Amino acid sequence: MISFIFKRLVQSVIVMLTVALIAFSMFRFIGDPINNMVGQDTSQADRAALTEQLGLNDPFLVQFGRFALNAAEGNFGISYKYRQPVSSLILERLSATLELSLVAAILTLVVGIPLGVYTALKGKGLLSKGIMTLSLIGVSLPTFLIGILLILFFGVMLRWLPTFGRGDVVALGWWTTGFLTLSGIKSLILPSITLALFQMTLIMRLVRAEMLEVLRTDFIKFARARGLPDRSVHFKHALKNTLVPVITITGLQLGALIAFAIITESVFQWPGMGLLFIQAISDVDIPIMAAYLVLIAFFFVVINMIVDILYYAVDPRLRADSSV
Amino acid sequence: MDLLNINNLRIEFPSRHGTVVAVDDVSLSVQPGEVLGVVGESGAGKSTIGNAVIGLLEPPGEMTAGHVLLKSEQIDTLNPEAKRKIRGRRIGMIFQDPLTSLDPLQTIEQQLVETIDLHLKLGEKKSQERAVDLLRQVGIPDPENRIKNYPHQFSGGMRQRVVIALALCAEPEVIIADEPTTALDVSIQAQILELMRRLCKDKQVGMIIITHDMGVIADITDRVAVMYRGKVVEEGTTAKILGDPDHPYTQSLISAVPRPDIRLRRFPMVNYIEAEGERSRNIDLSTHWLGRHRDFEAVDGPLLSLKDLVMTFVTKPAFFKRNRSTFNAVDGVSFDINEGEVFGLVGESGSGKSTVARMVCSLYKPAAGEVNFSGTDLTKIRSENERDFFRRQMQMIFQDPFSSLNGRMRVMDIIAEPIRFHQLASSNQEVEQIVNDLLDHVGLGAQASVRFPHEFSGGQRQRISIARALATRPRFLICDEPTSALDVSIQAQILNLLKDLQEELGLTMLFISHDLPVIRQMCDRVGVMKQGKLLEVSATEDLFEKPTAAYTRELLDLMPRLDKLSHEGLEVEGA
């Protein structure tokens, strides 16, 4: 177990260094950082001085080492556009994105798993056929279209829910939350549904397929032959076995929710990291882009590591003491 | 009063191609303390009867006639909830594969306590005590501690004991065991059958054992019903059925069981069943492609010679070598196989016999030792070309005919692939001609080539595997349990085919099996393996008549007691 975690940690560090290398190379190869910082009328001598001062004349490896060390401390430099430290810019928006992703993830699991179980058990019913058809639509419609349709219907026509922004937020230290105000909660509804819909259908279909598979296994047949009631067979034995592979996908998808909140954030003008990133691209604000890239990779790595450890907790077959 | 009565049972499976009658007018009865055997080959409908009795017929299966009486009370017409209450409480069921019968994510205590509490309403504490007690009864050592373990921490035989404990939880009146020992080794099988028999007598439980194995029938049953195509063709006491069967099907079935006591030149064919494949057209091997280029360079001494072969698997991986646990699956095995000889390797599961086979054909790289094939050490070969040269001479036939053929390829392409890879034919037309001839030769007929593997039965698929192995014109054939997944009548056909091919082509064979009677019929010399070590090697007849190793004697003693079986009416060619 310890050696397993150690191994995963080493792998994680390698992944993070690779991503950092990609992020770092953006500085060198996308535009000239000096040009991005100074005005048209800066003299050549000043430019050279600045280049020297920023250490841009150092060898590649030295520069990369410096970048990686700074990044490890959360220091990604100054945004070209906002003239503020990138770390504080991101921190401001991190809470918005994480809250949105968290609500979407909960929605995904709370709706997706029960629907998957239901359609697996009642495969022939009219309702589950209806759900399956709807889920196809959920998988195939692009996120931005769903967002726009929701805005049109609930925001513009019915005027029930706000169509952009986070509403009123309450600051708890550096973390700002929309959970504590009515307008904050109302603002969360449409974007989180938009973000969750695709994942929800994906999880539902996955749970359904896995559950059907498990229901065909011998131990389910044997459980029935022992006279266990359906409730126990389905939820105690079948569902738990179904969830083992679902955990991996959920972990990956949680990362995806955070990373691909970009589109939803753009549609709803949600003041999160994704929106910041999109603006950074149009402004060629490389420090923000680099920081975003490294941060998302970090989320993926951490989530996957948690998933691997969860595997050990859920599946006794993986535990080290599996001796006979 | 009969304990369980099945009267005129008829079960139909409606399908697109018309209704299949799986069980046709079957009547059976069981008394308390009696073991009834239901024997038949796959597809005879025997498992369907078991499922129907406990009310778990797989849809779209349907009972269209007959009824099931438990102590004169009709149970097939009960509502699903009432049927569920009978399951486990009054009728227990044991399935074939102990490795998959238990929920892998729950400790056996959780599974036992849940079932006990459900049926007997004893409460948590009492249920736990009863669970420990049950485990002790089925012979699990140290039950107080082992009960906290998960299923994967038990061996196959121990898991089947847990399954039996689960089936016995609520003291059912009837137990239906569907192939309870098919997945187990002979020594474990003997123990489990003994346990079942004892429990049945002690508790006066009526037991139905569903099996295809005549050895199990001979070992444990009091009465036998023989099924063929959904019908019971014959029923009677075990001694009568095995010793003096009336029905021709029963006679054929019994004669097809490989005999442990004497070596026959060919397996007697089950003449009652229409053979699924007979050679439609024999190829003249002296002129045919298959028979040409058989002039392999002669070798001095044995064709295959293994020296101190070792295979190590890592059971607990670790970063540092000293923390790693390893396990020698094969531990210093040496033997020789001469040209044209059939060498048998026998042993229980986990004895390392398949691992040896895989090292011989370079699927595994041995940790130490030599594999000398016609004078070259295969483990030292570095160049792919040279390796292909030996691969062409050495082919393998695997145990499971269902997973050893690529389901997305047509039979033509499956068999043509090695010919094309090794460039053994000059044109595509020639390849197709060869494939068709091969199919003819193994008894499938050339029209098989356009079909996919799933359209064939297990025995037919094994014929495809054999044709594929022949497609490289091999010199040496490795057969890893080639018939253990097949019915006994099909097994006889496949083994005859292998014998014929071996004689016609002068093949050298490594034949792996756990089944001693089969080994006796097939092999010239035999090696006995146990826990990775080769205990003894001797000529087959010597091994059976005067075994030297104690373990070999033990194995021979455990062979199903087939002395009850009839061998009258046995017509053997050139026996």
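The set of residues in the range B:88-137 that are surrounded by fewer than 22 Cβ atoms within 10 Å (Cβ to Cβ), touching a residue at least 12 places away in the same chain (Cβ under 8 Å) and either away from chain A (no Cβ under 14 Å) or of a type in the set (D, E, K, R) (or both) comprises B:Arg89, B:Arg90, B:Asp97, B:Glu109, B:Gln128, B:Arg130, B:Val132, B:Gln137. Comparison of A:Ser135, A:Ser101 shows that the only residue that is open to solvent by less than 80 Å² (accessible area, probe 1.4 Å) and farther than 25 Å from A:Phe300 by Cα is A:Ser135.
Scanning the range A:154-165 for residues that are open to solvent by less than 80 Å² (accessible area, probe 1.4 Å) and farther than 18 Å from A:Phe144 by Cα gives a single hit, A:Leu158. If a residue must be among the β-branched types (Val, Ile, Thr) and surrounded by fewer than 20 Cβ atoms within 10 Å (Cβ to Cβ), how many such residues does the range B:33-43 contain? The total comes to 0. Evaluate the range A:138-145: report whether one residue or more is surrounded by fewer than 20 Cβ atoms within 10 Å (Cβ to Cβ) and within 28 Å of A:Leu91 (Cα to Cα). Yes: the range A:138-145 contains one or more residues that are surrounded by fewer than 20 Cβ atoms within 10 Å (Cβ to Cβ) and within 28 Å of A:Leu91 (Cα to Cα). In the range A:304-318 there is no residue matching the filter, namely being small (Gly, Ala, Ser) and within 29 Å of B:Ile54 (Cα to Cα).
With the requirement that a residue be open to solvent by less than 40 Å² (accessible area, probe 1.4 Å), part of a helix (DSSP H, G or I) and of a type in the set (A, V, I, L, M), what does the range B:506-557 give you? Across the range B:506-557, the qualifying residues are B:Leu516, B:Val518, B:Ile519, B:Met522, B:Leu543, B:Leu555, B:Leu556. Against the test of being open to solvent by 20 Å² or more (accessible area, probe 1.4 Å), in contact (Cβ under 8 Å) with a residue 60 or more places away in the chain and of a type in the set (Phe, Trp, Tyr), the options B:Phe402, B:Phe421 yield a single qualifying residue, B:Phe402.
Looking only at residues in the range A:218-255 that are within 10 Å of chain B (Cβ to nearest Cβ) and open to solvent by 40 Å² or more (accessible area, probe 1.4 Å), the one that is nearest to A:Leu98 (Cα to Cα) is A:Leu243.
Can you find a residue in the range B:84-100 that is over 30 Å from B:Asn5 (Cα atoms), assigned to a helix (DSSP H, G or I) and more than 30 Å from the chain's Cα centre (by Cα)? So far as the range B:84-100 goes, no, none of its residues is over 30 Å from B:Asn5 (Cα atoms), assigned to a helix (DSSP H, G or I) and more than 30 Å from the chain's Cα centre (by Cα). Given B:Pro98, B:Pro60, which one is out of contact with any strand residue (DSSP E or B) (no Cβ under 7 Å at 6 or more places or on another chain) and not charged (D, E, K, R)? Going through B:Pro98, B:Pro60 in turn, just one is out of contact with any strand residue (DSSP E or B) (no Cβ under 7 Å at 6 or more places or on another chain) and not charged (D, E, K, R): B:Pro98. Of all residues in the range A:1-27, those that are surrounded by 12 or more Cβ atoms within 10 Å (Cβ to Cβ) have Cβ atoms under 6 Å from Cβ atoms of residues that are aromatic (Phe, Trp, Tyr), 6 or more apart or on another chain, in A:Ser3/B:Phe319; A:Phe24/A:Phe64; A:Phe24/A:Phe67.
The residues of the range B:44-79 that are buried (at least 17 other Cβ atoms within 10 Å of the Cβ) and of a type in the set (Ser, Thr, Tyr), listed by number, are B:Ser47, B:Thr48. The residue that is nearest to the other protein chains (Cβ to nearest Cβ), counting only those in the range A:277-303 that are assigned to a helix (DSSP H, G or I), open to solvent by 40 Å² or more (accessible area, probe 1.4 Å) and not hydrophobic (A, V, I, L, M, F, W, C), is A:Gln279. Restricting the range A:106-132 to residues that are open to solvent by 60 Å² or more (accessible area, probe 1.4 Å) and either in contact with a helix residue (DSSP H, G or I) (Cβ under 7 Å, 6 or more places away or on another chain) or within 27 Å of A:Lys186 (Cα to Cα) (or both) leaves a set whose member that is modelled with the lowest pLDDT is A:Lys122. One residue stands out among those in the range B:424-471 that are part of a helix (DSSP H, G or I) and of a type in the set (Lys, Arg): the one that is most open to solvent (accessible area, probe 1.4 Å), which is B:Arg468. Does A:Leu206 satisfy being at pLDDT below 90 and either within 30 Å of B:Gln160 (Cβ to Cβ) or open to solvent by 30 Å² or more (accessible area, probe 1.4 Å) (or both)? No: the conditions fail for A:Leu206. Taking into account only those residues within the range A:51-92 that are open to solvent by less than 70 Å² (accessible area, probe 1.4 Å) and in contact with an Asp or Glu (Cβ under 6 Å, 6 or more places away or on another chain), which is farthest from A:Leu276 (Cα to Cα)? Ranking the candidates gives A:Tyr80 first.
Across the range B:144-155, the qualifying residues are those that are more than 10 Å from B:Ile108 (Cβ to Cβ) and in contact with a helix residue (DSSP H, G or I) (Cβ under 7 Å, 6 or more places away or on another chain), and the one among them that is surrounded by the most Cβ atoms within 10 Å (Cβ to Cβ) is B:His152. The residues listed here are A:Gly272, A:Gly227, A:Gly255, A:Gly178; of these, the one that is of a type outside the set (D, E, K, R), free of Cβ contacts under 8 Å to residues at least 60 places away in the same chain and out of contact with any strand residue (DSSP E or B) (no Cβ under 6 Å at 6 or more places or on another chain) is A:Gly255. Residues in the range B:371-389 that are crowded, with 17+ Cβ neighbours inside 10 Å and touching a residue at least 24 places away in the same chain (Cβ under 8 Å): B:Val371, B:Asn372, B:Phe373, B:Ser374.
The helices (runs of 4 or more DSSP H) found wholly in the range A:184-269 and carrying at least 3 residues that are more than 26 Å from A:Met289 (Cα to Cα) occupy A:218-225, A:239-259. For the range A:170-182, check the following and say yes or no: at least one residue is more than 20 Å from the chain's Cα centre (by Cα) and open to solvent by less than 40 Å² (accessible area, probe 1.4 Å). Taking every residue of the range A:170-182 in turn, at least one turns out to be more than 20 Å from the chain's Cα centre (by Cα) and open to solvent by less than 40 Å² (accessible area, probe 1.4 Å). Scanning the range B:158-190 for residues that are of a type in the set (Gly, Ala, Ser) and open to solvent by less than 10 Å² (accessible area, probe 1.4 Å) gives B:Ala165, B:Ala167, B:Ala170, B:Ala177.
The values are calculated or read from the model by the stated rules, or taken from the named source; none is laboratory data. In this text, all values refer to a predicted model and were calculated from it rather than measured experimentally. All Cβ positions, even for glycine, are placed from backbone atoms using ideal geometry, and neighbour counts span all protein chains on display. These accessible areas exclude ligands, DNA and RNA; they are computed on the full protein's heavy atoms, side chains included. Shrake-Rupley method; radii C 1.70, N 1.55, O 1.52, S 1.80 Å.
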